[in-house]
Amino acid sequence: MIAFLIRRIAQAVLVMLVVGFVAFSMFRFVGDPVSIMVGQEATAADRAAMAERLGIDRPFPVQFARFVGNALNGDFGISYRVGRPVMDLIQERLPATLELALCAAMFALVFGIGAGVYTALHRDGALSHAAMTLSLIGVSLPTFLIGIGLIFLFSVELNWLPSFGRGQVVDVGGWKSGFLTQSGLRSLVLPTITLGLFQMTLIMRLVRSEMLEVLRTDYIKFARARGLHDRAIHYGHALKNTLIPVITLMGIRLGSLVAFAIITETVFQWPGVGFLFVASVQAVDVPMMASYLVLVAAFFVVVNLVVDLAYYRVDPRLRTDHATARS
Amino acid sequence: MRKIAPLAGATALAICFAVSAQAETFRWARGQDATTLDPHAQNSGQNFGVLHQIYEPLVHRDQESKIVPALATSWSITSDKNVWEFKLRPNVKFHNGNAFTADDVIFSINRAKGETSDLRGLLTSVVNVTKVDDLTVRMTTEGPNPLLVNNLTNLFMMDKEWAEANNVVKAQDFKNKEENFAVRNTNGTGPYALVTREADVRTVMRANPNYWGKGQFPLKVTEIVYTPITAAGTRIAALLSGELDFVQDMPVQDITRVSQTSGLRVNLGLENRSIFLGLNAGDADIKWDDVQGKNPLGDKRVRKAMEMAINREAIKTVVMAGQSIPSGTLVPPTVHGYTKDLDAIPTWDINAAKALMTQAGYPNGFGITLHCPNNRYVNDEKICQAVVGFLGQIGVKVNLAARPMAQHSPEIQKDEVDFWLLGWGVPTYDAEYVLSFLYHSREGSRGGWNATRVKNKDMDDKIKSLTAEVDFKKRDATIAEVLKWAKDEALYIPLHNQTLAWGMKNRFNVRVQDENQLFVKYIN
């Protein structure tokens, strides 16, 4: 167990270093941050002086080593774009992204499972066909189009919901929450649907096929033979067994909900970390971009580590497999 | 004391009520937020947009872009041609209650001249600033500088005492890796004071109750809510749905939609910015073409042929949705030195252009790479695509390389491109600014954006003389002469001047200012 853990952590560190390296070297091609930071009157000497102050006149390996060294001390540098420490900015923006991701995950779970079960039980119903067709749209339409479509319908035409921003937020011990005000909750609706729609259709399709599979198994037949109610069979036996892969999937997808909220956040001017990243790319804000990518990588690595460890504890087969493989 | 309390409460309530009865909020959106509120940290119009509501310069350009008094009431060149004298406005208070005096002006100018300030380029001619009395300052320039005031319109005045107390005597230094207090906190003399600042989210400003201009300006708006909205579609949707009062950066394709919506209007105006193509005419051989051993762009006939092959009217109607004014010079009409003759647009004539190409020895044309930004000017990449098509008609096979401005501009500055697109705004409203940066050969602070590689000693000297010439007649003659040379040589191919579109509720009918700056205090 300990050896497994150590091996996993070593791998995680390696992944982080590689991501950091790739991110850092990639940004050298994004452009020159100095050209964005100084006005058009700046002379060559002014630009050279700014590059020197930013430390980007040094050779690449030196810059990277300094970045890693500082990052290990928890110092991710200062944003070129807004002149504030990168960590402060990320901490300020993270609540917005996490709240949105949480809502989107809940939305995807509740509606995905509901619709999945319904379409599995009423395979030939008109509503099921409609839901299956709609789910195709959800899978195939790009996120920004869904977002703009929702804005057009619910903000411009119907005037029901706000088209941008987070509304009024309440500061709860440093965590700025939009859950506590009416405008905050209203602002959540459209981005939640936009971000969660893809995951929802995915879950719906997964639940449906799993459910159809399970309904054919022997134990369901036995349950019917025992004369149990449909309700008990469907929800007590079938759905429970269907949910295992759904939970696994959702665990992994939660990471991508946070990491790929970028597009939704841009469309809705949602002040989260994804939006911060996009703004940073435009301004060639290297410390900000590198830190964001490292943070996202860390998030994925931790989620995967937790999932692996959980499997290891839960699934005895995994342990024996390893034991035999080793010997 | 206890007796008075309820009465005071009631009075306060009444005052609140009276204020809120006529309170008017102005919800204003742009594509990008100001990056910092430190007035001297960045020379960018986006930052100045917010800062102009909070801070004030000595003089500024009003909604008609005329220079008008702000914190200085009058200014003039003294008997010593190298010295300007400014009389300051009396009884002006900063938002924190401190009085505005000559010491603050000296402090602010020196701060803006400092090593970490991005505005120092505007003050290179200023040698020192001295105090005559509390309300009079003198600026000494290196040689006469008749245009000094033109450079001061975005140079904001800070409170010396406040800056010292908060350790922001210098503009942000990135070497320190620390946040500067002035990035998110302000103390200006302006009509609006900062209430909350959430970068990229919302900046709220409220009317300054002690503003010196009360009674002189409408000051109808009591609260400004400034929200950046990056996605153009969302920005327009928010205006259409009534969540905004004013959108400053309107995409050209939405102008019709918004102006046809009841309750909304779009005001159009010419921006003080020219869009053009640059050509490497100076080098003997160039890197980005397929001709060996010589430079086709070095031949004036080729440059003229290229100029004639481009149909500017077609670019206007097809690419710009009508939102551009075709031009024949890099000096926009708003700028001193502009004349109708200069702006004469080369006639679009493919046959004549082909004939010129043949004369120059390129009957079958040649191949060249056009470097183009794709995120800086209105439809920049599409303009370049149109140019590719036009030049193809005279056999010039253009390979288009579009990239973000952050990659594009350093290559122009380092002479790494041969054929490129650029836009140039003229904040001083004087042709000298165009000539000095785009036509003067590279030398010190001049020629920084001139990648034409052409060095003409005579013209360089003439351009240099413009900064110190106090005889305005003579100066105008020099400007005309240099601009004429520039047009004849065709080192650049002018395309058009950009127009600006501001979308707003009918209630706020604001005239478009050609520097793209809005002064909320003028809204009535």
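Since every read-out is calculated from the coordinates, none of them should be taken as a lab result. Since this is a predicted model, take the numbers as computed values, not measurements. Every residue, glycine among them, receives a Cβ derived from its backbone with ideal geometry; neighbour counts consider all protein chains shown.
Summary table below
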quantity	calculated
Residue order, fewest to most surrounding Cβ atoms within 10 angstrom, among B:Leu279, A:Leu215, A:Leu249	A:Leu249, A:Leu215, B:Leu279
Filtered GluC sites (Glu not before Pro), region B:35-126: DSSP coil and at most 15 other beta carbons within 10 Å	B:Glu64, B:Glu115
Region B:384-448 and region B:472-522: distance between their alpha carbon centers, rounded to Å	18
For region A:86-319, alpha-carbon Rg over 2.2 N^0.38 Å	1.17
Fewest-first sequence of A:Ser135, B:Ser441 by Cβ atoms within 10 Å of each Cβ	B:Ser441, A:Ser135
Bins of 10 Å from zero: percent of alpha-carbon pairs in chain B	4, 17, 25, 25, 18, 8, 3, 1, 0, 0
Reachable lysines from B:Lys397, criterion Cα separation under 21 angstrom, eight or more residues apart if same chain	B:Lys287, B:Lys294, B:Lys300, B:Lys304, B:Lys354, B:Lys382
For B:Asp430, residues with placed amide H under 5 Å, excluding near neighbours	B:His336
Principal-axis tilt of helix B:102-113 within chain B, Cα atoms, nearest 10 degrees	30
Whole-Hz ³J(HN,Hα) from phi, Karplus 6.51 cos²θ - 1.76 cosθ + 1.60, for region B:380-385, glycine and proline x	4, 5, 5, 4, 4, 4
Separation of the B:Glu443 and B:Ala284 label points, Cα + 7 Å toward Cβ, nm	2.3
All Cα pairs of region B:265-325, percent lying beyond 15 Å	64
Whole-Hz couplings from phi, Karplus 6.51/-1.76/1.60, listed for region A:172-182; x for Gly and Pro	10, x, x, 9, 7, 10, x, 6, 9, 10, 5
Anchor B:Lys113: lysines whose Cα lies under 28 Å away (excluding residues fewer than 8 positions away in-chain)	B:Lys66, B:Lys81, B:Lys87, B:Lys93, B:Lys131, B:Lys160, B:Lys170, B:Lys175, B:Lys177, B:Lys414, B:Lys462, B:Lys464
Separation of alpha-carbon centers, region A:263-290 and region A:102-157, rounded to whole Å	27
Straight-distance crosslink candidates among aspartates and glutamates, where the alpha carbon sits under 17 Å from B:Lys214 and sequence neighbours closer than 8 are dropped	B:Glu24, B:Glu56, B:Asp62, B:Glu223
For region A:182-289, fraction of C-alpha pairs farther apart than 22 Å, in %	53
Ranked packing of A:230-237, B:370-377, most packed first, by mean Cβ within 10 Å	B:370-377, A:230-237
Gyration tensor over alpha-carbon atoms, the protein assembly as shown, equivalent ellipsoid semi-axes in Å	53, 36, 28
Cα centroid separation - region B:24-45 against region A:176-233, whole Å	45
Coordinate range along principal axes, alpha carbons of region A:235-303, Å, largest first	54, 27, 12
Debye, to nearest 20: dipole size of region A:86-319, +1 on Lys, Arg Cβ, -1 on Asp, Glu Cβ	920
Test item: A:155-165 mean partner chain Cβ contacts at 10 Å	6
Region B:56-148: trypsin sites (Lys or Arg not before Pro) falling in loop per DSSP and having at most 12 other Cβ within 10 Å	B:Lys66
In sequence order, calculated HN-Hα J values of region B:473-489 (Karplus, 6.51, -1.76, 1.60; Hz; x Gly/Pro)	5, 5, 4, 4, 5, 5, 4, 4, 5, 5, 5, 5, 4, 4, 5, 5, 6
